[in-house]
Structure formats: structure tokens, C-alpha cells
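The values are calculated or read from the model by the stated rules, or taken from the named source; none is laboratory data. These numbers come from a predicted model, not from an experiment. No Cβ is skipped: glycine too gets one built from the backbone with ideal geometry, and neighbour counts run over all protein chains shown.
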Amino acid sequence: MKIDVLNIKGEIVEQITLNDEVFGITPNEDVLSQYLRVYLHNQRQGTSCTKDRSEVSGGGKKPWKQKGTGRARVGSNRSPLWRHGGVTHGPKPKSWNLDLNKKMKRIAILSALSSKFSTNSAIILDNISFDVPRTKSMIEMLTAIKAVKPLVVLNTTDVNTIKSGANIKDLKMTRASMLNTYDVLNAKTLILVKDAVLDLQNKYQGEVEVTETTDENK
């Protein structure tokens, strides 16, 4: 498919042809749903912790004798029933990490990219560069291309560009080598530098699926 390439003023400067196997596939909703579940699980720290009755301080002495007081039998004032007592079945540190295989991750990122291009939510720029870090310059660029809640994908780490967008709300910037499916789906407008698009295309169209063969004679 052919896509227009714009400059930072929103003017069309050229057209490039993208591989439909990378940017034009039918999005796999099931794989995207599974990816989001795994990604969000992996963001959890799992550091929540409560103390049970054996870990809270105190409770070494029986509050009162077993019989003759008219009160209920109590062995410790750190029972979960008491104020300052331990917590029953409270959370303990654990790992929430899940995993996806390589093939599903590939399908997920290609589905996310294809979804953006099919809905005209992706914009390709010939280059993004500023002489000095300036927030106003970045805002002017985003306004010219009509970007809303954008994700800017660069091919290299440009300090001036990154600093120009550091204080803009809802703007996120990343490199093509670090692009993930969640960021693509979370953005309303995907902005890619031309070189970043070509890097992604070369990366994913060059991947060859390996099919295992079995020898029936073994």
C-alpha cells in the first residue's frame, strides 16, 4: 500500500510503499486481547504484604486466665479478631508475571500497526529534528499534522526532539527498536519517522517462520 509522507508542517513531500504483510494484515483481536492481559499483569509489582498473627508485635502473654472471668477464652491479644491483631489471609509478595510466545508477540505488534494504518490513525513524517529543545516547536508540529494523544516513534535517540516533547501532556516518544503493542494501541495517533517505518518493515518482513519436521522412520 502507498502512504503519504509529510514534513513537520503537515505538507506532503513524497509517497512510500509499505509491505501489506507488515502494515496491512487483518488484526487478530484474540491475540491483542491476550497480549494486553499479559502486559498489564506484568506491570504489577506484587509487593503488597500484610502481617499475620505470628508476625505482629506483642501477644506473648495470655490476656486473662482461661476460666472464671465470664469472658470469652483468649490465648493472645494479637488474634485477627482484636485491634492491632494479625491479618487473616492477607496479600503476600508474589509474581504476577505471565508470558507470550514469540509468534503471538509478532502477531500482536503487526495487528496493532495494521489497525492504526487501516483507520488512518498513523502518520509518517520524513524527519523530526529541532535545532534547540523547544516545546513550542513540538506543539506546532503536532498541531500541523492534527495529532491527538500521539505516540512518536523515532529511529534514533535525538536529544533535542525528546526534550521538546518532555513537557507535553499525553505525548509519548519511543524508538522503533523499543516499540511495543500496548503503546501503539494506547495512542490515538501513531507518528512514525520514515526511517523508523522502514526499520520496522525490514525487521518483521525478514522474520521467517520455522516449521519443525519429524522423521517418521525414527
Does the range 67-90 contain any residue that is closer than 30 Å to residue 195 by Cα, aliphatic (A, V, I, L, M) and out of contact with any strand residue (DSSP E or B) (no Cβ under 6 Å at 6 or more places or on another chain)?
-> no
Cβ pairs under 7 Å, 6+ apart or interchain, first in the range 134-151 and on the phi > 0 side of the Ramachandran plot, second assigned to a strand (DSSP E or B) and modelled with pLDDT of 95 or more, ordered by first then second residue, are 149/189
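What is the residue count in the range 168-203 for residues that are in a strand (DSSP E or B) and β-branched (Val, Ile, Thr)? Quick ask: steps written out before the conclusion?
Of the range 168-203, the ones in a strand (DSSP E or B) are 172-175, 189-193.
This time we only want the ones that are β-branched (Val, Ile, Thr), so: 174, 189, 191, 193.
Count: 4.
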Considering only the range 147-197, state which residues are buried (at least 22 other Cβ atoms within 10 Å of the Cβ), in contact with a Pro (Cβ under 7 Å, 6 or more places away or on another chain) and not hydroxyl-bearing (Ser, Thr, Tyr).
-> 187, 191
If you go through the range 59-112, how many residues are in a loop (DSSP other than H, G, I, E, B), surrounded by 13 or more Cβ atoms within 10 Å (Cβ to Cβ) and charged (D, E, K, R)?
-> 1
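Kindly indicate whether residue 172 is among the charged types (D, E, K, R), within 14 Å of residue 129 (Cα to Cα) and in contact with a strand residue (DSSP E or B) (Cβ under 8 Å, 6 or more places away or on another chain). Before the answer, list the steps.
Values: among the charged types (D, E, K, R): yes; within 14 Å of residue 129 (Cα to Cα): no; in contact with a strand residue (DSSP E or B) (Cβ under 8 Å, 6 or more places away or on another chain): yes.
Judged against the criteria, residue 172 is not a match.
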Somewhere in the range 120-138, is a residue of a type in the set (A, V, I, L, M), modelled with pLDDT under 95 and surrounded by fewer than 17 Cβ atoms within 10 Å (Cβ to Cβ)?
-> yes
Restricting the range 6-58 to residues that are charged (D, E, K, R) and not in a helix (DSSP H, G or I), the one nearest to the chain's Cα centre (by Cα) turns out to be 44
Show the residue pairs that are 6+ apart or on different chains and have beta-carbon atoms under 6 Å apart, the first residue being within the range 70-94 and in contact (Cβ under 8 Å) with a residue 40 or more places away in the chain, the second being exposed (fewer than 11 other Cβ atoms within 10 Å of the Cβ).
-> 93/47
Pull up the range 35-58, narrow it to residues that are surrounded by 14 or more Cβ atoms within 10 Å (Cβ to Cβ) and either of a type in the set (Asp, Glu) or touching a helix residue (DSSP H, G or I) at 6+ places or on another chain (Cβ under 7 Å) (or both), then point me to the one that is modelled with the lowest pLDDT.
-> 52
Quick check: is even one residue across the range 2-12 surrounded by fewer than 14 Cβ atoms within 10 Å (Cβ to Cβ) and in contact with a helix residue (DSSP H, G or I) (Cβ under 6 Å, 6 or more places away or on another chain)?
-> yes
